[in-house]
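Okay, structure first, notes after.
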């Protein structure tokens, strides 16, 4: 287990490179993305912030590019080795994600109203999924709940299915899965969260969808009559969710300070990690499933061998 001071504020976003040799991190109210050697904590460099506070980071499938999203609605594609920007795209109301398609052919981001997909970030108008609108909101696109005003379909996170045919986004009151080819809604999973950020992930075989909302985490089948699996145990908001490469284990991280592993078929907890870094705001599992990283409220990153 290795812990180091990575940032001066909460570490909210973490991503491993496909070969597991690099770890990217972004912190709250910070524009730069820092790159680390996860086995030593050695800083490898950083992506300079140019377009506002970073709100997400992802490596391309080949590890040659990095995508970042910012709070001022920019998606940037970077050369991962040279650490220079290759392209910058903008879409009104889109600030979360990002995610590369499994074949690396496009990058997507989400936010208020749906999902924007860029095949070429130099093209200003992306493909859109859901009731996305690159314009001002009309009165019929808002609703009130518990005395507060909400934008319809505010999505906080997104993921591509392993075959790239589906895109899922999770946010206020529901997670939605779209068919990319037809742009039709494939599945809707309702929930009751409106305040905390919601997270989403596909299983490695693409047959299940894991969602986190508030203190809750669930796994839903995408086809057939399979049952919902509920992951019960976190006492504060779930900040990250995913699967081990074999699909048998689900992984969650929470502001309660723990990273938990679960039997994905039954929902039974299998392991709980609490490394004393305070509230956890971001986590990532390496592509081989052997290493896990988590980011804490005081800017620390902890990396550990899952099997140790």
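What follows is calculated from the coordinates using simple rules that are stated; it is not laboratory data. Just so it is clear, the model here is predicted, and its values are computed rather than measured. Heads up, the Cβs are rebuilt from the backbone with ideal geometry, glycines too, and the neighbour counts pull from every protein chain shown.
Using 1/(1 + (r/R0)^6) with R0 = 35 angstrom and r between the beta carbons of residue 263 and residue 103, what's the FRET efficiency to the nearest 0.05?
0.70
Mind computing the radius of gyration and Dmax over the alpha-carbon atoms of region 152-304? Å is fine for both.
Cα radius of gyration and Dmax of region 152-304 are 14.7, 47 Å respectively.
Select from 109, 283, 184 the residue whose mean-square fluctuation is largest in a Gaussian network model of the chain (Cα-Cα springs shorter than 10 Å).
Answer for the Gaussian network model of the chain: 184.
Give me the number: length gained by fully extending residue 9 to residue 72, i.e. 0.36 nm times residue separation minus the C-alpha to C-alpha distance, one decimal in nm.
20.8 nm
If packing is taken as the mean number of other Cβ atoms within 10 Å per residue, what is the order of 155-163, 223-231, 78-86, 174-182, highest first?
Answer by packing, highest mean first, reads 155-163, 174-182, 78-86, 223-231.
Distance from a point 7 Å along Cα→Cβ of residue 62 to each backbone N in region 9-39: keep the residues under 15 Å and list them by number.
Within reach of a label on residue 62: 18-19.
How much FRET efficiency would the formula 1/(1 + (r/R0)^6) give for residue 2 and residue 32, where r is the Cβ-Cβ distance and R0 is 22 Å, rounded to 0.05?
Step by step, r from the Cβ atoms, then E = 0.55.
For region 2-305, what number results from the quotient of the Cα radius of gyration and 2.2 N^0.38 Å?
Scaled against compact globular proteins, the figure is 0.92.
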